[in-house]
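Read the structure below first, then the notes.
Every number in this text was worked out from the coordinates using simple rules, so none of it is lab data. Model, not experiment: these values are computed from the prediction. Because the Cβ atoms are built from the backbone with ideal geometry, glycine has one as well, and the counts that use them run over all protein chains shown.
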Amino acid sequence: MKFTPRLKLSLLTRFSLITFFITAAIAIGLALGIEYQFEQNALRQAAESAADRVSTTLDLNLQLADLAGPLDPARYAQIDALIRQNILSEHIVRVKIWNRDGLLLYSDAKEAVGRYFPVSDHLEEALAGEIAMEVSDLTKEENVAEHGRYDRLFEVYIPLQLYGSTQSVGAYEVYYASDVLDPSLAEMRRFVWAGIGAGFLIL
């Protein structure tokens, strides 16, 4: 008769522990999911804001003839001045312009202008009319100027549609520094984990 209460207590303890760990795993998974979704939404909004700024400025100033081949020195200087004065900021640190064939029409790295590069999946998406984004590899040779200055850079690929056209005739590649978003993202993470933690303790 003395064995039964101890058996019941042992089962109850085991059940409680299993429930605790399952609930903890669910809470952690939920927090990670919410955190990821918040970050993706913030980055997507930043990418769309950058796309709007670049497109508003350049779509009106580029001409179809500019996309046929490398820009001549005078035209390059005009586009370069336009980008430096109206687009580059603490958020947008580099801009490249591509035509549909993978020819680099504009970059602040002049030695790369006029070269053909393989058309990446993200560039293909932009040529198809969609905004695409990926984390930049700061160890690449072309990112040597940004290496050490930024924790993360995002490459945002934006459809190039000349004024009055609905078809993509090229693409913009924008380097977006996420450092300016990081404080708000960190605050969001603290809020999410505090909320999940409080809810878990109440439960």
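Picking from SER49, ILE79, LEU30, whose Cα lies most toward the positive end of the charge dipole for segment 1-117 (charges on Cβ: Lys, Arg +1; Asp, Glu -1)? Positive-end residue among those listed: LEU30.
When peptides 151-157, 169-175, 124-130 are sorted by average Cβ neighbour count within 10 Å, with the highest value leading, the order is 169-175, 151-157, 124-130. Its Cα centre serving as origin, segment 1-131 has a Cβ charge dipole (Lys and Arg +1, Asp and Glu -1) of approximately 1220 debye. Classify segment 1-132: rounded, prolate or oblate, from the alpha-carbon gyration tensor (a ≥ b ≥ c, eigenvalue square roots; a/c under 1.5 rounded; otherwise prolate if a/b is larger than b/c)? Here segment 1-132 falls in the prolate category.
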